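Comments concern the structure below.
The values are calculated or read from the model by the stated rules, or taken from the named source; none is laboratory data. Keep in mind that what you see is a predicted model, and the values were worked out from it rather than measured. Cβ coordinates were reconstructed from backbone atoms using ideal geometry, including for glycine residues, and neighbour counts include every protein chain displayed.
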C-alpha cells in the first residue's frame, strides 16, 4: 500500500512537471497574447493540481488543506484567464494569424 | 523507492526554479502590459508550486497553508490589475 502511494506520488510529480514545462514553453514561443494565455492556463490547472495530488498521496501530510487548495485553484484559474483575456480584447491587442473574429463582428454590427 | 521519489522531487524543484526565471524575464522584457500581467500570474502560480514541492521534500504541511495564502493574494492582484488596465481606474 505504501509502495503504491509512492508510485502514485512519483507519477503525479512527473506528469505535473511535464505539463508545467509545456505551459512555460508555450508562454515563450506562441505568437499572440491570447495563445500565451491559453498556454499558461495549463500550468495553473494541470501542473499545480497534480503536485497537490502527490501531496495527498503522502501519508505524512494532511490532505484536507490540499483538497481546499485544489478546489480554489479549479475555481480561480478560469476566472483569472477570462479577466486577462477580456482586458486584452478591450485594449484592442491584435490577434496574429486569426481566421475570423466573431466578437468584433458582433460588436460592430448595428442593432 | 524513497530515494527515487526524492530525486524526482529535487529535479522538479530545479525545473520550477528555472521556469520562474523565465517568467521573471518575460515580466521584465514583455511586449505589452497584458503580456507582463500574464507573466505575473504565471510567477504566482509557479511560486505556489515551489512551496508545494518544499512541503513534499521537507514533509511539513505548513508550506501548503502558505501556498493557499499566496494563491488568494495572486488571484486578487491579477483581477485588480486587469480591471485597472482596462478601465483606467481602480473602483
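Residue selection: residue B:21 satisfies the criterion of being surrounded by fewer than 20 Cβ atoms within 10 Å (Cβ to Cβ) and closer than 16 Å to residue A:28 by Cβ. Restricting region B:26-38 to residues that are within 9 Å of another protein chain (Cβ to nearest Cβ) and farther than 15 Å from residue A:44 by Cβ leaves a set whose member that is surrounded by the most Cβ atoms within 10 Å (Cβ to Cβ) is B:34.
Which one of these does residue A:62 not meet: (1) facing another protein chain (nearest Cβ under 8 Å); (2) part of a helix (DSSP H, G or I); (3) more than 20 Å from residue B:15 (Cβ to Cβ)? Going through the list (1) facing another protein chain (nearest Cβ under 8 Å); (2) part of a helix (DSSP H, G or I); (3) more than 20 Å from residue B:15 (Cβ to Cβ), residue A:62 breaks only (2).
Each residue in region A:65-111 was checked for being more than 22 Å from residue A:32 (Cα to Cα) and under 17 Å from the mean Cα position of the chain (by Cα), and 8 pass. Regarding region A:99-109, can at least one residue be identified that is more than 7 Å from chain B (Cβ to nearest Cβ), at pLDDT 90 or above and either part of a loop (DSSP other than H, G, I, E, B) or surrounded by 15 or more Cβ atoms within 10 Å (Cβ to Cβ) (or both)? Scanning region A:99-109 turns up no residue that is more than 7 Å from chain B (Cβ to nearest Cβ), at pLDDT 90 or above and either part of a loop (DSSP other than H, G, I, E, B) or surrounded by 15 or more Cβ atoms within 10 Å (Cβ to Cβ) (or both).
The residue that is nearest to the other protein chains (Cβ to nearest Cβ), among those in region B:39-91 that are closer than 28 Å to residue A:33 by Cβ and assigned to a loop (DSSP other than H, G, I, E, B), is B:88. Filter region A:59-88 down to residues that are over 30 Å from residue B:56 (Cα atoms) and free of Cβ contacts under 8 Å to residues at least 40 places away in the same chain, then give me how many there are. Selection size over region A:59-88: 4.
Considering region B:48-91, and only residues there that are under 14 Å from residue B:37 (Cβ atoms) and in contact with a helix residue (DSSP H, G or I) (Cβ under 6 Å, 6 or more places away or on another chain), the residue that is surrounded by the fewest Cβ atoms within 10 Å (Cβ to Cβ) turns out to be B:86. Residues that are without any contact (Cβ under 8 Å) to a residue 12 or more places away in the chain, farther than 21 Å from residue B:77 by Cβ and buried (at least 18 other Cβ atoms within 10 Å of the Cβ) do not occur anywhere in region A:37-54. Within region A:41-56, identify whether any single residue is part of a loop (DSSP other than H, G, I, E, B) and over 30 Å from residue B:35 (Cα atoms), and answer yes or no. No, region A:41-56 contains no residue that is part of a loop (DSSP other than H, G, I, E, B) and over 30 Å from residue B:35 (Cα atoms).
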